[in-house]
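Taking it in order: structure first as structure tokens, then the write-up.
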Amino acid sequence: MGAKIISGKEIAKEIREELKEEVSRLKEGHGLTPGLVTILVGENPASVSYVTAKQKTAHELGFYSVQDNQPEDISEDALLELIDKYNNDEKIHGILVQLPLPRGVNEERVLNAISPDKDVDGFHPVNVGRMVIGERCFLPCTPHGILEMLIRSGVETSGAEVVVVGRSNIVGKPIANLMLQKREGGNSTVTICHTGTKDLTYHTKRADILIVAAGRPKVITADMVKEGVVVIDVGVNRIGKTPEGKAILCGDVDFDAIKEKASYITPVPGGVGPMTITMLMKNTVQAAKQFAGLD
Ligand code: GUN
């Protein structure tokens, strides 16, 4: 068989077109311009490239966007003060602090300082709690993007055996939670595997939908999955550089071999990655509408 490729790039483009129109309507009809600040501490090359891509997209969609670069040695108190400033800035509806933060800065304290109403990353405990009990909230961007990809590709999730590999707070735990919620794109039976799992293959072979966010290149091989599986690969591993100095990326699954067995598969790059940024924009539009009492 040959799997259908779920192009995050294409789906993200579709959603961005929808958002662009919505932003125009908000500006013209309500004088409301969604505002996003991205705070980058230090110069980690991967973080610089993610933040640059987020700002570029925000700009393209017509947002008011602010890029706030801070030095690696900023004190935790100064960072908390900065967040407080944006919490009180009426032009800013979404605040994103790019992770990881330098050692010596307590990530938990920083994330908890962001107002839950401006927490477009969906990392604040208030939003995490709301997500778990199925209340309206900001969903974390990568899991939110995975849901949209499954729904827009017509993958049946209700009653499906979903196996998640990885238990991070950013991807594994929230996507597992979303897949079990009783609504569109959910209602699945969910298993979470992690470094303590005794027999990974036993679980991955049972999966109708396999979501891999392990952070290790090609840990899932073709012998670990069944025919017809739907594979969502969240991994972004830098495994070398082209002669021109561009990063060579690969996912957490052996794409070339698994695509012969799977019914659907996401590529790396061009799969989950573009969806993450797009869902950040969607959350920011939602934050702006909620701020203005329009939603
Ligand atoms: N670092 C890696 N992924 C993310 C993300 O989704 N949000 C933030 N803020 N930082 C990240």
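Where a number appears in this text, it was derived from the coordinates with a stated rule and is not lab data. Note that this is a predicted model, so its numbers are computed, not measured. Heads up, the Cβs are rebuilt from the backbone with ideal geometry, glycines too, and the neighbour counts pull from every protein chain shown.
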Per residue of segment 168-173, in order, report the coupling 6.51 cos²θ - 1.76 cosθ + 1.60 (Karplus, θ = phi - 60°) as ³J(HN,Hα) in whole Hz, putting x for Gly and Pro. 5, 6, 7, 10, x, 5
Hey, what angle do you get for helix 141-152 against the long axis of the chain, alpha-carbon based, 0 to 90 degrees rounded to 10? 60
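Please work out the FRET efficiency for the pair GLU156 and LYS56, using the Cβ-Cβ distance as r and a Förster radius of 25 Å; give the result to the nearest 0.05. Before the final figure, lay out each step's value.
Working: r = 35 Å, r/R0 = 1.40.
Given R0 = 25 Å and the Cβ-Cβ separation, E is 0.10.
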If packing is taken as the mean number of other Cβ atoms within 10 Å per residue, what is the order of 268-274, 197-203, 220-226, highest first? 268-274, 220-226, 197-203
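Mind giving me the FRET efficiency for TYR202 and GLU90? R0 is 51 Å, r the Cβ-Cβ distance, nearest 0.05 is fine.
On the way: r = 53 Å, r/R0 = 1.05.
My answer for the efficiency is 0.45.
Relative contact order for segment 148-295 using alpha-carbon pairs under 8 Å, separation at least 6, rounded to a whole percent? Intermediate results must be reported in sequence, preceding the final value.
Working: 272 pairs, mean separation 26.2, N = 148.
18 percent.
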Got a sec? Charge dipole of segment 107-245, +1 on Cβ for Lys and Arg, -1 for Asp and Glu; which of MET179, HIS203, LEU150 is way out at the positive end? HIS203
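From Cα pairs below 8 angstrom and at least 6 apart in sequence, can you work out the relative contact order of segment 101-183, rounded to a whole percent? Display every interim value, and only then the final one.
On the way: 62 pairs, mean separation 18.5, N = 83.
Result for segment 101-183 is 22 percent.
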At a Förster distance of 41 Å, what's the computed FRET efficiency of ASN106 paired with TYR64, Cβ-Cβ distance as r, to 0.05? 0.90
Within segment 20-53, name every residue whose backbone N is under 19 Å away from a label modeled 7 Å from Cα of ASP77 along the Cβ vector. none
Pulled fully out, how much extra length does the chain show between GLU184 and GLU227, if you take 0.36 nm times their separation in residues and subtract their Cα-Cα distance? 13.0 nm
Distance (nanometres) between label positions extended 7 Å along Cα→Cβ at SER24 and LEU294: 1.4
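Once you charge only the Cβ atoms, +1 for Lys and Arg and -1 for Asp and Glu, what is the size of the charge dipole of segment 193-295 about its Cα centre, to the nearest 20 debye?
Working: 13 positive and 11 negative charges, 44 e Å.
Dipole magnitude for segment 193-295 comes out near 220 debye.
Which loop GluC sites (Glu not before Pro) in segment 149-194, with loop taken from DSSP, have no more than 13 other Cβ atoms within 10 angstrom of their Cβ?
Working: sites: GLU156, GLU161, GLU184; in loops: GLU156, GLU184.
Passing both the DSSP loop test and the Cβ count: GLU156, GLU184.
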Computed for the chain: size of charge dipole around the Cα centre, +1 on C-beta of each Lys and Arg, -1 on C-beta of each Asp and Glu, debye to nearest 20, value 640
Would you be so kind as to identify which of ASN106, ALA288, PRO267 lies farthest towards the positive end of the dipole of the chain, taking Lys and Arg as +1 and Asp and Glu as -1 on Cβ and the Cα centre as origin? PRO267
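For segment 159-286, what class follows from the C-alpha gyration tensor (a ≥ b ≥ c being the square roots of its eigenvalues): rounded when a/c is under 1.5, otherwise prolate if a/b is larger than b/c, else oblate?
Values: a/c = 1.70, a/b = 1.12, b/c = 1.51.
The shape class here is oblate.
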Place +1 on the Cβ of every Lys and Arg and -1 on the Cβ of every Asp and Glu in segment 8-90, take the dipole about the Cα centre, and give the residue among PRO34, SER47, GLY62 whose Cα lies farthest towards its positive end. GLY62
Return the calculated 222 nm mean residue ellipticity for the chain, to the nearest 500 deg cm²/dmol, obtained by summing -39500 (n - 2.57) across DSSP H runs with n ≥ 4 and dividing by the residue count. -12000 deg cm²/dmol
Roughly how tilted is helix 45-60, in degrees to the nearest 10 and between 0 and 90, from the longest Cα axis of the chain? 70
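What is segment 14-154 by shape, rounded, prolate or oblate, if you read a ≥ b ≥ c off the alpha carbon gyration tensor as root eigenvalues and call it rounded for a/c under 1.5, prolate for a/b larger than b/c, and oblate otherwise? Intermediate values should be presented prior to the final figure.
Values: a/c = 1.56, a/b = 1.34, b/c = 1.16.
The shape class here is prolate.
Hey, fewest Cβ within 10 Å first, where do LEU61, LEU111 land in order?
With the fewest neighbours first, LEU61, LEU111 line up as LEU111, LEU61.
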Report, in degrees rounded to the nearest 10, the 0 to 90 angle that the Cα long axis of helix 76-87 makes with the longest principal axis of the chain. 80
Under a 5 Å amide H to amide H cut-off, with H placed in plane at 1.01 Å, what residues pair with TYR64 once short-range neighbours are removed? GLY35, LEU36
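Arranged by the count of other C-beta atoms within 10 angstrom, fewest first, what order do THR266, THR38 take?
Details: THR266 29, THR38 23.
Sorted ascending by nearby Cβ count, the order is THR38, THR266.
Can you classify the chain as rounded, prolate or oblate using the Cα gyration tensor, where a ≥ b ≥ c are the square roots of its eigenvalues, rounded means a/c under 1.5, and otherwise it's prolate if a/b beats b/c and oblate if not? Show your work: numbers first, answer last.
On the way: a/c = 1.68, a/b = 1.48, b/c = 1.14.
Taking the square roots of the gyration eigenvalues as a ≥ b ≥ c, the chain is prolate.
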